[in-house]
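These notes are about the structure you will find just below.
Read-outs: derived from the displayed coordinates by stated rules, not from any lab. Only a predicted model underlies this, so the values are computations on that prediction, with no experimental measurement involved. All Cβ positions, even for glycine, are placed from backbone atoms using ideal geometry, and neighbour counts span all protein chains on display.
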Amino acid sequence: MVLANCRSSYGYEGVKRFQVFGSKRSLILDMATYYYEHNSELKLEDGTQKIEIQEGNQFAAEMDHLSECILENKTPKTPGKKIYAM
């Protein structure tokens, strides 16, 4: 069984945590919405394991992806029509 509690709010400044709880393990990602300095842990029955997340420049990756789509006539991973649904 997996239990997830997801909240999103502008009213809780400084709280940027993502947690997933299972019957034997839990995953905690602090600073989940920051652009850098992610702290993540996988909690096991016999201890805690840190998870390394490779940091990158997400804005540069977005621009590279859009440029690739234009040059190679591909559909972006997030098409513009999805923006209208928001």
Could you work out the local net charge near Arg25, counting Lys and Arg as +1, Asp and Glu as -1, over the other residues with Cβ closer than 13 Å to its Cβ? -1
Arrange the following residues from fewest to most other Cβ atoms within 10 Å of their Cβ: Ile51, Ile28. Ile51, Ile28
